[in-house]
Every structure is written in structure tokens, then in C-alpha cells.
Amino acid sequence: MRINRSCASVKAASRMVKWQEELKTIEERGLLRSMPKVSGMPGRVLTIDGHTALNFSGNNYLGLAGHPKVIEAAAEAARRYGAGSTASRLIAGNNETFRNLEAFLMQWKRTESALVFGSGYQANIGIISSLMDEQDLIVSDELNHASIIDGCRLSRARVYVYKHCDVDDAEKALKNYAGRRKLLVTESVFSMDGDAAPLKDLNFVCRRWGAFFMVDEAHATGIRGPRGTGLAGELGIMPDIQMGTLGKAVGAAGAYVAGERRLIDFLVNTSRSLIYTTAPTPATMGAALAGLKIIESLEGAQRRQLLQANAENFHSLLTKSCLLSDTIPGQPSHIVPIILGKSDAAMRVSKECLRRGVFAQGIRYPTVPEGTARLRFTLMSDHTPDDLAKAVDVLERAVEAITRENSREYRC
Ligand SMILES: *Cc1c(COP(=O)(O)O)cnc(C)c1O
């Protein structure tokens, strides 16, 4: 067939074929996703696709998304500052809610300066792509979040992907590969595996080879460290670029980056995902500030303790059952993957759990590497001991049921 490239209708037709084909491939591989219908307040119980179930799939680790003070702060900010911020922060959008939140963030993180983005995704693509370019080297953990990967791609820098949490591999790259500037980037607590990066050792090799060190504390903000500032704080190190999100434990939305004043000034001038987007809403910023204030307070410390106790309890319950897979971090964590391997198995076990009143989302390729499909359990400080016992019981039964269907032996 001859294709006339100047003919718009032919072009449109060939584009359609591409997406139709790709969608079909996704379906055939059993990887089709859809968005479940959720209703009600965020908390330890949720209603999803008509089922009411214990919620083990949010990132609302401390229950702050449904906390009366956080909700009231959102409402109050909307009443005082309006429903929308009306423009980019560099034009007319930089209202008082941002200044209040950033002033809080820099004293909380003990850094010279802090900057808020609309989301963690925007923060990572904006930070990495403005710091690095074609002449630079980025050294990135193989399990880093998609937003970090996309930031690396946008930067056009050379990227070396090191083995998960392997300091020697990372150091080898910093030592052997050229780059005008070098950046090492890692999550602190990994989003899909729940394990913690060896930040101290990574920090050391960055100093040794003159690399910037960037840490994404999305899943450690509010959870780890003194006053909930993250894992870097817990380990007593100061990475050059400390990023964290405000939509997970903090209970609102958005993200922050904390560091030297000149770094923040640079990002304000160059981060396209900060500059070319409307500022987040006052309500979001108000809620984030209220969430952070709770995190820093005694109540926050108590919620962290409850979460930690739940992580230990859940870990020991899984150890007693036959479900503790060897890919789960040795340490109890608030993120617990149950690796089932095949996508289909993970999705069916997840569905079966939901039928029995426990929601743990199945996670599969491309979010995690192929062959490591899993149920990802996330714990909350609000979960009770009974909730955890039920979760493990239901999970065991669901795995058993699906295994029986597959007539494969499941051995302890
Ligand atoms: C969730 C997440 C992000 C993205 O944050 P959003 O605010 O949801 O856009 C970035 N990095 C990591 C490690 C995450 O888990």
C-alpha cells in the first residue's frame, strides 16, 4: 500500500491502528488496567467497586487525609484564598499559602530553603531535567519510580542504572563513567518493595566522587526520622537535594524539594514543571501544612509508633503463615509486597481478597519488573490488630483458593 504522508486522514488512520493494536496487546497479555470506583472518606475501611473492605492500598499511612484538622485547614484556605490559585507561581499564583508552607518546610527539614511543586511527578521531572543535561551522568537505582526515570529521560543525560541498593555498582559507575556533572538519585523507602536504601553509604560515595546526591522520600516523609522528616534525617545525613511528597503520609497533594537557597533559586528559574503550570490550589497547600504540623507534633509521633507496631505485628503474622516471601524486606516495613510472580495470579488473588473484605491492589508489569507481580499491602497507623489478623487470614485463603484452581502445589 502506498502511503501519502501529506494526507492527514491517512495519518490519522495509521495512528488509530497503532493505539488499537497496542490496546489489544495489553488486553491479550492480561495487563489491561482500569480505574476502580472508590467512595467515602479515606480511612482504614473503603468502598471500592461496591465492596466495603479493609483498605491496605492507600499511601495515607497516618490517616491524615481524613483527619478533621487537615480537612478543616483545606476548607479554611479555600474560604480565605479562593478555590484556585489562578496562575503559575511566577505570575499571579504565588499566594500566602505557598509562603506559609515553604517557611514551615525549611524549618522542619532544617535546610536553607524549600520549594513546593504540584505533585511528586512534577517535582522529579522538573528537578532532574533542569539540573542535568547531555554532558552529564545520572546514576539511578533500578527500582526508582517512573517519575525519576522520566526526569532522567527529559534531561538527556547519560543514565547508568545500578543494581537495586548496590552501593558498589553505583560507585563503579561514578568512578568509571565520564560526565561534566554527576548525580546519584534514589528513593529512600522504596515504593513497591518497602525496603530502605543504604543512604549513608550512597552519600559517602557521592562525596567521594563529587556527585550530587538526590533522595526521593515519597514513602518515608512523615514516617521515618525525627519529627517525621524522612530517612535521611534518621541517618543524620544531608543529601544535596531532598525531595518528598505531600500526597502520601501528609494526606494532601503536592511535593517539596528542600536544600540550599541557591539550588532552590535555580529550580524556580529553570524547572519547567513548576513554571509552566498553574499553581496548586490554596486548599491543597492549607491541608499539606496542617498535615505536616500534625506530623511534627506529639500526635504525629504517636501515629508513627502505631504504624511501626503494625508493621512489626504484620511481619510476624506473615512469618507465622507461609506467605513471607524472601523478596520482602527483612525489616518490618509499612509497605509489604507479597510476590506472586505472574500478573494473572496477582490480579486473581487481589480480587479474591476483595471479595473476602480485604483490599490489597495487585501490582504488575510495567509498574514492577515482569515476573514479580504482587499484592502490595500498605499499612496505616489506624489499622487495628484485628484488621491485620484478618488481612493475613484472608490472604492465605485467597492464595489457597487460586492455587487450588490452578491445581498447582503451594508449599510452605
Ligand atoms: C508517589 C511517588 C512519586 C510521585 O508523587 P505524586 O505526588 O504522587 O506525583 C514520586 N516518587 C515516588 C518514589 C513515589 O512513590
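The values are calculated or read from the model by the stated rules, or taken from the named source; none is laboratory data. In this text, all values refer to a predicted model and were calculated from it rather than measured experimentally. Cβ: placed from backbone, ideal geometry, glycine included. Neighbour counts: every protein chain shown. Remember, those area values only see protein heavy atoms, side chains included, never the ligands or the DNA or RNA. Shrake-Rupley method; radii C 1.70, N 1.55, O 1.52, S 1.80 Å.
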Cross-link partners among lysines for Lys342, C-alpha distance below 16 Å, same-chain residues fewer than 8 apart left out? Lys351
Once the Cα gyration tensor of segment 50-155 is found, what semi-axes does its equivalent ellipsoid get, as square roots of 5 times the eigenvalues, in whole Å, sorted largest first? 29, 23, 14
14 Å beta-carbon shell around Ala301, net charge (K/R +1, D/E -1): +2
Would you work out the charge dipole size for segment 88-186 about its Cα centre, treating the Cβ of every Lys and Arg as +1 and the Cβ of every Asp and Glu as -1, and quote it to the nearest 20 debye? 220 debye
Which of Phe204, Phe104, Phe266 is most accessible, then next, and so on - probe 1.4 Å: Phe204, Phe266, Phe104
How about Lys109: which aspartates and glutamates have a C-alpha closer than 14 Å to its C-alpha, ignoring those fewer than 8 places off in the same chain? Asp216, Glu217, Glu234, Asp240, Glu260, Glu296
Just how much of Ile125 is accessible, in Å², when a 1.4 Å probe is used and the result is rounded to the nearest 10? 30 Å²
Under the Karplus curve 6.51 cos²θ - 1.76 cosθ + 1.60, θ = phi - 60°, whole-Hz ³J(HN,Hα) for segment 226-239, x wherever Gly or Pro sits: x, 6, x, 7, x, 6, 4, x, 4, 8, x, 10, 10, x
For a quick check: with amide H placed at 1.01 Å from N, whose amide H comes under 5 Å from Val161's, ignoring anything fewer than 5 positions away on the same chain? Ser140
Size of electric dipole in segment 331-412: Cβ of Lys, Arg +1 and of Asp, Glu -1, about Cα centre, debye, nearest 20: 260 debye
Specify which residue in the list Asn269, Gly357, Ile339 is farthest towards the positive end of the charge dipole of the chain, using unit charges on the beta carbon of Lys, Arg (+1) and Asp, Glu (-1), about the Cα centre. Asn269
Just read off the accessible area of Arg356 with the full protein assembly in place, 1.4 Å probe, to the nearest 10 Å². 80 Å²
Could you give me D for segment 263-336, from Stokes-Einstein at 4 °C and 1.567 mPa s, where the hydrodynamic radius is the Kirkwood radius over C-alpha pairs? Units µm² s⁻¹, please. 80 µm²/s
Would you mind checking which residues have amide H under 5 Å from Phe377's amide H? H placed 1.01 Å from N; only 5 or more apart, or other chain. Val336, Ile338
Amide H proximity to Val45 below 5 Å, modelled H, separation 5+ or other chain, gives Asn55
Which percent of the accessible heavy-atom area of the chain goes to carbon and sulfur, probe 1.4 angstrom? 52 percent
To check my understanding: the extent here is largest minus smallest coordinate of the Cα atoms along each principal axis. What are those three numbers for segment 201-335, in Å, largest first? 54, 43, 26
Among all the lysines, which ones have a C-alpha under 21 Å from Lys175's C-alpha, if same-chain residues fewer than 8 places away are not counted? Lys163, Lys200
Distance cut-off 17 Å, percentage of C-alpha pairs in segment 353-412 lying past it: 49 percent
Whole-Hz Karplus couplings 3J(HN,Hα) for segment 241-254, θ = phi - 60° and coefficients 6.51, -1.76, 1.60, Gly and Pro as x, run 10, 10, 10, x, 9, 10, x, 9, 4, 5, x, 10, 6, x
Looking only at the chain, where both bridge partners belong to it, what percent of the DSSP beta bridges are antiparallel (to the nearest 5)? 55 percent
Going by a ≥ b ≥ c, the root eigenvalues of the Cα gyration tensor, does the chain fall in the rounded group (a/c under 1.5), the prolate group (a/b larger than b/c) or the oblate group? rounded
In Hz, Karplus ³J(HN,Hα) per residue of segment 181-192 (6.51, -1.76, 1.60; θ = phi - 60°; x = Gly, Pro): 10, 10, 9, 9, 10, 8, 6, 8, 9, 6, 5, 9
If N is the number of residues in segment 255-406, what value comes out of its Cα radius of gyration divided by 2.2 N^0.38 Å? 1.34
Which one of Gly228, Ala252, Asn203 has its Cα pushed farthest toward the positive end of the charge dipole of segment 180-316, where Lys and Arg give +1 and Asp and Glu give -1 at the Cβ? Asn203
Candidates Asn94, Asn60, Asn176, ranked by Gaussian network fluctuation over the chain, Cα under 10 Å, top entry: Asn176
Whole-percent tail of the Cα-Cα distance distribution for segment 231-276, cut at 15 Å, equals 56 percent
Along the dipole axis of the chain (charges at Cβ: +1 for Lys and Arg, -1 for Asp and Glu; origin at the Cα centre), the most positive-end residue among Leu105, Val161, Gly194 is Val161
Mind putting a number on the dipole of the chain about its Cα centre? Charges go on the C-beta only, +1 for Lys and Arg and -1 for Asp and Glu, and I need it in Debye to the nearest 20. 960 debye
Unit-weight point scatterers at every alpha-carbon of segment 152-259, Debye formula, q = 0.09, 0.11, 0.13 1/Å: log10 I(q)/I(0) is -0.23, -0.34, -0.47
Taking the Cα centre of each part, how many Å lie between segment 92-163 and segment 37-68? 28 Å
